[in-house]
Amino acid sequence: MADRVTVIGWDGSPLTAAARSALGAATLVAGAGHHLALPEVPGRAERIRLGSVSLAARRIAAHRGTAVVLADGDPGFFGVVRTLRAPEFGLEVEVVPAVSSVAQAFARAGMPWDDAQVVVAHRRTLRRAVNVCRAHPKVAVLTSPGAGPAELGLLLEGVHRTFVICEELGTDREQVTVVTSDKAADHTWRDPNVVIVIGGPTAPSGDSDWLAGGAPSATPRGWALPGAEYGGRLGEGETEPLRAAQLARTGPRVGDLVWDIGCGSGAFTAEAARFGAAVIAVDRDPDACARTLATARRFGVQPQIVHGTAPHILEDLPEPDVVRIGGGGVAVVSAVADRRPERIVTHAATRDAAELIGRDLTEHGYRVECSLLQSVELDTRAWTEKERTVGFLLSGELPDRNP
């Protein structure tokens, strides 16, 4: 095992005395090509071109001597430190940090970043990174080849954002470019780069100076809020108990894309978005789309609102993770199931309708649950019944679907 492992972050500025001292004593140095070309790297040291960090960690663990790993930016922030400290390698590391590329990017843009979401985009996580950009007004994206500014712009089709693209930060070739998201694919961008994605309404102001990653919402506390919070015009599929059950079954989260088909007042749309998910709200009624937009603005969330009739309007929408269907029957359920989201939730007014939907979901390979929900609202002044609602809640889960 290596006697000592020092991880040095490099932001393009001269190395610190601590970094130079560690390099001077190194018998093994791992890093990218531009790191290994630094004049401070000893000529006698074994050199490892850093590709797979796991493979490099195995070689470092087998090395008898003093190892140094060089990395861009802060190596403890989405960097190599996490892998090197994994239990299977048994390495203990010292870290000499540098300014992270995210901090550098926001500095170049002259913007604060304690309220930003930070995501890593590579081919496996690109879609989820895009969903965070859909859902939040300020996001920093650490890109990779094949998952860069052009790909982000293409997948954000229909959603307007501004990109601040910072290429090769800390080097002589550093360049900062501001473009709209629809123009990002018109250029060739140099790696490495960081993309700041900005757009959409800002959440209602509140006590926002104590938590990084976005201000806590100043909207009312709780979920499945009463109809009065949404203008008092809720459809039959939007009652509080049913909405609470729908949220529980779908479990929207950061990085998800949620379809809300038959969005009505926008109640489910707003609450799914408050969990941090990206939401596309669909309705054939232009008044419902307008109400959903007003609800979104009130709650400081930013769904994409699509006016059209399902199932035809769904054909060109990006792939969903979870779907709530507020209307349209078996035809819409079947069209949604063809797109293979992880979870689908809907409701039916009768048992016969519930059986038809349940059979269709089962034929599509979904594991189906159905519950008869009955709620009774009481007037607590006299403890008398005010309103009673009954309906069937259906949910389908696709086994072994990877998020």
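The values are calculated or read from the model by the stated rules, or taken from the named source; none is laboratory data. Here the structure is a predicted model, which means the values were calculated and not measured. Don't worry about glycine lacking a Cβ; one is built from the backbone with ideal geometry, like all the others, and counts go over all protein chains shown. Please note that ligands, DNA and RNA were not included when accessible areas were found on the heavy atoms of the full protein model with its side chains. Shrake-Rupley method; radii C 1.70, N 1.55, O 1.52, S 1.80 Å.
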Odd one out for Glu319 among (1) under 21 Å from the mean Cα position of the chain (by Cα); (2) of a type outside the set (Ser, Thr, Tyr); (3) buried (at least 17 other Cβ atoms within 10 Å of the Cβ): (3)
message: Take Ala270 and tell me if it is open to solvent by less than 30 Å² (accessible area, probe 1.4 Å), touching a helix residue (DSSP H, G or I) at 6+ places or on another chain (Cβ under 6 Å) and not in a helix (DSSP H, G or I).
response: no
- prompt: Which residues, taken from the stretch 49-104, are over 15 Å from Val7 (Cβ atoms), assigned to a helix (DSSP H, G or I) and touching a residue at least 60 places away in the same chain (Cβ under 8 Å)?
  reply: Ala62, Ser101, Val102, Gln104
field: Cross-chain or 6+ apart pairs with Cβ under 8 Å, the stretch 346-361 first and within 15 Å of Leu373 (Cβ to Cβ), then among the aromatic types (Phe, Trp, Tyr) and not in a helix (DSSP H, G or I)
entry: His347/Phe392; Ala348/Phe392; Ala349/Phe392; Thr350/Phe392; Arg351/Phe392; Ala353/Phe392; Ala354/Phe392
- prompt: What's the number of the condition Glu387 fails, among (1) under 30 Å from Gly255 (Cβ atoms); (2) in a strand (DSSP E or B); (3) open to solvent by 30 Å² or more (accessible area, probe 1.4 Å)?
  reply: (1)
task: Give Gly262, Gly237 a once-over and let me know the one that is in contact with a strand residue (DSSP E or B) (Cβ under 7 Å, 6 or more places away or on another chain), open to solvent by 10 Å² or more (accessible area, probe 1.4 Å) and not hydrophobic (A, V, I, L, M, F, W, C).
output: Gly262
The stretch 74-102, subset β-branched (Val, Ile, Thr) and over 17 Å from Ala30 (Cα atoms), residue farthest from the chain's Cα centre (by Cα): Val99
message: Taking the criterion of being closer than 16 Å to His187 by Cα, touching a residue at least 12 places away in the same chain (Cβ under 8 Å) and not basic (Lys, Arg), would at least one residue in the stretch 114-132 satisfy it?
response: no
message: Tell me yes or no: at least one residue of the stretch 182-192 is open to solvent by less than 30 Å² (accessible area, probe 1.4 Å), among the polar types (S, T, N, Q), farther than 21 Å from Gly12 by Cβ and in contact with a helix residue (DSSP H, G or I) (Cβ under 9 Å, 6 or more places away or on another chain).
response: no
statement: Residues of the stretch 27-43 being crowded, with 16+ Cβ neighbours inside 10 Å and of a type in the set (Gly, Ala, Ser), in sequence order, are Ala30, Gly31
field: Residues that are within 24 Å of Asp172 (Cβ to Cβ) and in a strand (DSSP E or B), drawn from the stretch 31-47
entry: Gly31, Arg47
query: Just one of the numbered conditions (1) open to solvent by less than 20 Å² (accessible area, probe 1.4 Å); (2) in contact with a Leu (Cβ under 9 Å, 6 or more places away or on another chain) is not true of Ala288; which one?
result: (2)
query: Here are some conditions: (1) open to solvent by 60 Å² or more (accessible area, probe 1.4 Å); (2) farther than 29 Å from Asp209 by Cα; (3) among the β-branched types (Val, Ile, Thr). Val99 meets all but one. Which one does it not meet?
result: (2)
- request: Kindly indicate whether Leu91 is at pLDDT 95 or above and surrounded by 15 or more Cβ atoms within 10 Å (Cβ to Cβ).
  value: no
query: Just one of Val279, Val301 is open to solvent by less than 30 Å² (accessible area, probe 1.4 Å), more than 19 Å from Ile344 (Cα to Cα) and among the β-branched types (Val, Ile, Thr); which is it?
result: Val301
query: In the stretch 354-372, what count of residues is obtained for those that are closer than 17 Å to Gln246 by Cα and open to solvent by 80 Å² or more (accessible area, probe 1.4 Å)?
result: 3
- prompt: Which residue, of Leu156, Leu142, Leu152, is open to solvent by less than 80 Å² (accessible area, probe 1.4 Å) and out of contact with any Phe, Trp or Tyr (no Cβ under 8 Å at 6 or more places or on another chain)?
  reply: Leu156
Selection within the stretch 283-306 - more than 24 Å from Ala248 (Cβ to Cβ), assigned to a helix (DSSP H, G or I) and within 22 Å of the chain's Cα centre (by Cα): Leu293, Arg297
- request: Exactly one condition in (1) β-branched (Val, Ile, Thr); (2) open to solvent by less than 30 Å² (accessible area, probe 1.4 Å); (3) within 30 Å of the chain's Cα centre (by Cα) is not met by Thr309; state its number.
  value: (2)
